[in-house]
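*Asks:* My questions will all concern the structure given below.
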Amino acid sequence: MKLSPLLLLSLVFGIALFAIFSPESSDPERRSYPCSQPATDWQKSPYVLPYRDHFAYVVNQANCSGNGHSNFWNHGYDFVMPVGTPVTAARKGTVLTASDGCADGNRQCTNLVTVQHEDGTVGLYSHLTRGGVKVHVGQQVAAGDWIGLSGNTGNTGGLPHLHFSVHPCGALPGLGLSGTCPSIPVNFKNAGPNPNGLKPLKAYLPAPF
Ligand SMILES: [Zn+2]
């Protein structure tokens, strides 16, 4: 089949738009992953919302919502919040990596914290603000501990937000580790009923836990 120049142009333009607005790095494995449901009853989930009581934030992208939350990044949440909002640990663990040297607005460089949990899974908190990391590598954190400040670094699409996702191990794009660990589904014990995880365009207020 011969592609018309117009079709070819729109294809190229579409791919370019996707690259610009995709909130996360591109899929490192370039393969498709199924969208699955959380395995844990939400009320028994070891995870809590990654921000403080008394503040509700809207989820923009959620599980399998396309664009940045596709394939490798299928499972995860973008909480829309102003730059400088306190980010807290969603689950207890040990800080695996921490970086905060990127400037807000820099689309090529993301500040992030990763926390390894006791079952080996890793929580990723990304797009933090410059100088916004409040923990150091090797530090133990409990659920609810302050770990950083949200920001607008990396591929946010220009919308300041916290990206949170959980992975079966810490080999993630940009962290210099071999192998890859695509995101896994998560729900939260203090977000109200959320058996299948959080929904896009809904605000979530953390309950005490
Ligand atoms: Zn995201």
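The values are calculated or read from the model by the stated rules, or taken from the named source; none is laboratory data. Note that the coordinates shown come from a computational prediction; the quantities given were computed from them, not determined experimentally. Using ideal geometry, Cβ is built from the backbone for each residue, glycine included, and neighbour counts are taken over all protein chains shown.
*Asks:* Assess whether residue 91 counts as being surrounded by fewer than 18 Cβ atoms within 10 Å (Cβ to Cβ) and touching a residue at least 40 places away in the same chain (Cβ under 8 Å).
*Replies:* Working: surrounded by fewer than 18 Cβ atoms within 10 Å (Cβ to Cβ): no; touching a residue at least 40 places away in the same chain (Cβ under 8 Å): yes.
For residue 91, the condition - surrounded by fewer than 18 Cβ atoms within 10 Å (Cβ to Cβ) and touching a residue at least 40 places away in the same chain (Cβ under 8 Å) - is not met.
*Asks:* Among the residues of the stretch 116-140, write down those that are part of a loop (DSSP other than H, G, I, E, B) and either in contact (Cβ under 8 Å) with a residue 24 or more places away in the chain or out of contact with any strand residue (DSSP E or B) (no Cβ under 7 Å at 6 or more places or on another chain) (or both).
*Replies:* 117, 118, 119, 120, 121, 135, 136, 137, 138, 139
*Asks:* Could you tell me whether any residue of the stretch 160-176 is closer than 22 Å to residue 54 by Cα and surrounded by fewer than 19 Cβ atoms within 10 Å (Cβ to Cβ)?
*Replies:* The answer is no, given that none of the residues of the stretch 160-176 is closer than 22 Å to residue 54 by Cα and surrounded by fewer than 19 Cβ atoms within 10 Å (Cβ to Cβ).
*Asks:* Can you pull out the strands (runs of 3 or more DSSP E) entirely within the stretch 1-94 that have at least 2 residues that are more than 16 Å from the ligand (Cβ to nearest atom) and modelled with pLDDT of 55 or more?
*Replies:* Strands (runs of 3 or more DSSP E) meeting the threshold: 86-88.
*Asks:* What do you reckon, is residue 149 in contact with an Asp or Glu (Cβ under 8 Å, 6 or more places away or on another chain), closer than 20 Å to residue 58 by Cβ and crowded, with 21+ Cβ neighbours inside 10 Å?
*Replies:* no
*Asks:* Sticking with this one: Take residue 112 and decide whether it is in a strand (DSSP E or B), within 14 Å of the ligand (Cβ to nearest atom), crowded, with 19+ Cβ neighbours inside 10 Å and on the phi < 0 side of the Ramachandran plot.
*Replies:* Spelling it out, residue 112 is indeed in a strand (DSSP E or B), within 14 Å of the ligand (Cβ to nearest atom), crowded, with 19+ Cβ neighbours inside 10 Å and on the phi < 0 side of the Ramachandran plot.
*Asks:* Then there is this: Which of the residues that make up the stretch 141-155 are outside any strand (DSSP E or B) and either more than 16 Å from the ligand (Cβ to nearest atom) or within 11 Å of residue 111 (Cβ to Cβ) (or both)? Write out each step before concluding.
*Replies:* Residues of the stretch 141-155 outside any strand (DSSP E or B): 142-145, 151-155.
Scanning the stretch 141-155 gives 142, 143, 144, 145, 151, 152, 153, 154.
*Asks:* Confirm whether residue 124 is within 16 Å of the ligand (Cβ to nearest atom) and either exposed (fewer than 15 other Cβ atoms within 10 Å of the Cβ) or not β-branched (Val, Ile, Thr) (or both).
*Replies:* Taking the combined requirement at face value, the residue satisfies it.
*Asks:* Only one of 132, 138, 101 is at pLDDT 95 or above, on the phi > 0 side of the Ramachandran plot and away from the ligand (no atom under 16 Å from the Cβ); which?
*Replies:* Unique residue meeting the criteria: 138.
*Asks:* Could you check the stretch 100-130 and list, in sequence order, the residues that are in contact with a Leu (Cβ under 8 Å, 6 or more places away or on another chain) and more than 22 Å from residue 47 (Cβ to Cβ)?
*Replies:* 100, 129
*Asks:* Suppose we filter 193, 206 for residues that are more than 14 Å from the chain's Cα centre (by Cα) and either closer than 17 Å to residue 110 by Cβ or surrounded by 19 or more Cβ atoms within 10 Å (Cβ to Cβ) (or both); which single one remains?
*Replies:* Of the residues listed, the single one that is more than 14 Å from the chain's Cα centre (by Cα) and either closer than 17 Å to residue 110 by Cβ or surrounded by 19 or more Cβ atoms within 10 Å (Cβ to Cβ) (or both) is 206.
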